[in-house]
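One structure is given here, and the rest of the page talks about it.
No lab work stands behind these numbers, since they all come straight from the coordinates. Just so it is clear, the structure is predicted and the values come from calculations on it, not from any experiment. Cβ placement follows ideal geometry from the backbone for every residue including glycine, while neighbour counts extend to all protein chains displayed.
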Amino acid sequence: MIRQFSNLDDEAAVITQPDFSERLQRIIVAEAARPFQPRPLLHGTEQFAEAWLAKWHRMEHGWRGRAVSCYFASDAVISGTGQIWLGHRLLTSGALMPQYVRTGLQLDRGGSEVLKGNATLPIRPIAEPCILLAGHGVRIYGHFLTETFLRLRVAQKALQGSSVKCKVLLEKNSPDWLTGILREYLGVRPNDFEFFDSSAERVLLRKAVLPEFPRDQEFFHPLAAQIADELGEELRIREKAPEAERIFVSRSLFSNPHHDQRKCSNESELMRIAAEEYGFTPVFVETLPWPKQIALFSHARLILGLFGSGLLNALFSSAGARVGAIGRWNLLQSEIGTLRRQENAYLDIEVKMKYSVDENLFRAFLAALTSDASVRVMGM
């Protein structure tokens, strides 16, 4: 049975400057704050969503706010997809381990064979301080945006003003787009990367920096909006995006060798309908530099697309923006909408690896999504 360590705050003393002299300490980066409650789905679009989802958006949730901290640990062993061990205990706090990772590790059944196998790998010590970014959010952009990016900013805020210089720990097979964003836009210098091969080794961080997720299982801490706004201001200065009020976020050019590819067989026709009949500008976010992506979403007021990573750039969109998702796998888009005070809408169809969208249903959804937003293009 895996010994778990879930309530970190019981053993982590609060400090005001980075310090690795004790086994586990923490800097509070943002005080506990009451999370926002969801807004109802965009008026007129509830008919296109499942009843339970519409109810989720209408109901008052009993969420309790929590603080966001960055932990400083001595002699932390890192294995697999960013698993953190202090002594013989695995850190399983939801602030450091997402629920989907916990499920995959089968902790409720004593631990998966992969987790147990990782415990037999040799250990390589690293003396320099390292921010742990390895694992959960490094191969899929949506996970990077809502996990890795936010955690890095939490760590940088905790380290701000101190003399501590940290490296960033990533898995050896981290994609080029990830390291490029970290290097070009998020202040990680080329010599600051420390890579480890999770299939062949564990690493012992003598000085580990362990930033929390500014997100619970169902809501984001308001700090996440502050982080997004700060980066948006930084990057919008560098490069302006086309000032499109309505954008259709396409997945037709997207590919990821680390994940199964969902494919909508008639996406090109959906794009044509949205562009010609309702004035949407098609965008292919994976072809754009990151600052241009952020500027594009910050300006758009009507955002439409197939559910997926690209649409999650609405994290950088303003309050009141309308975000229409075609299909849905989880509540992440709604959580972002709740954080940013946006109006969400869903064409809640069954999404498989290969699927299509009824075009008449899509037109009806678009009519509801754009109602009262501006004059419809066709028939002007």
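List of remarks:
- Stretched out straight at 0.36 nm per residue, the stretch from residue 163 to residue 37 would grow longer than its current Cα-Cα span by 41.5 nm.
- Here the sum of -39500 (n - 2.57) over DSSP H runs of 4 or more residues, divided by the residues of the chain, equals -7500 deg cm²/dmol at 222 nm, to the nearest 500.
- Length released on extending from residue 176 to residue 200, taking residue separation times 0.36 nm less the Cα-Cα span: 6.5 nm
- For 193, 297, 20, order by how many other beta-carbon atoms lie within 10 Å, fewest first: 193, 20, 297
- Zero-based 10 Å bins, Cα pair distances in the stretch 1-146, whole percents: 9, 30, 32, 18, 9, 2
- Under 10 Å, Cβ to Cβ, from residue 318 - net charge with Lys/Arg +1 and Asp/Glu -1: +2
- Ascending count of other beta-carbon atoms within 10 Å, so fewest first, for 77, 154: 77, 154
- For residue 350, the shell of other residues with beta-carbons less than 13 Å away shows a net charge of +1, using +1 for Lys and Arg and -1 for Asp and Glu.
- Rounded to whole numbers, the Karplus 3J(HN,Hα) couplings from phi for the stretch 45-60 are 10, 4, 4, 8, 10, 5, 4, 5, 5, 4, 5, 4, 6, 8, 7, 8 Hz, using 6.51 cos²θ - 1.76 cosθ + 1.60 with θ = phi - 60°, and x at Gly and Pro.
- Residue of 26, 64, 215 that the Gaussian network model of the chain assigns the largest fluctuation, springs spanning Cα pairs under 10 Å: 64
- Among 251, 189, a tally of other beta-carbon atoms within 10 Å of each Cβ gives an order, fewest to most, of 189, 251.
- Comparing 216, 176, 229 in a Gaussian network model of the chain, where Cα atoms under 10 Å apart are tied by springs, the biggest mean-square fluctuation is seen for 176.
- Full-extension gain in nm, residue 183 to residue 22, via 0.36 nm per residue minus C-alpha separation: 54.9 nm
- GNM top mover of 124, 66, 139 - the chain, alpha-carbon springs below 10 Å: 124
- Residues with amide H under 5 Å from that of residue 263, placed H, sequence gap 5 or more: 354, 355
- When both bridge partners sit in the chain, DSSP labels roughly 35% of those beta bridges antiparallel.
- Modelled spin labels at residue 371 and residue 106, positioned 7 Å past Cα toward Cβ, are 4.9 nm from each other.
- 15 Å reach of a label modelled at residue 119, 7 Å along Cα-to-Cβ, counting backbone N of the stretch 1-31: 1-5
- The alpha-carbon atoms of the stretch 234-370 define a convex hull whose volume equals 106 cubic angstrom per residue.
- In terms of overall dimensions, the C-alpha atoms belonging to the chain reach 70, 46, 39 Å along their principal axes, ordered largest to smallest.
- In this label model, residue 277 and residue 50 are separated by 2.7 nm, measuring between points 7 Å along each Cα→Cβ vector.
- In Hz, Karplus ³J(HN,Hα) per residue of the stretch 12-25 (6.51, -1.76, 1.60; θ = phi - 60°; x = Gly, Pro): 9, 5, 7, 10, 10, 9, x, 8, 10, 6, 10, 4, 7, 9
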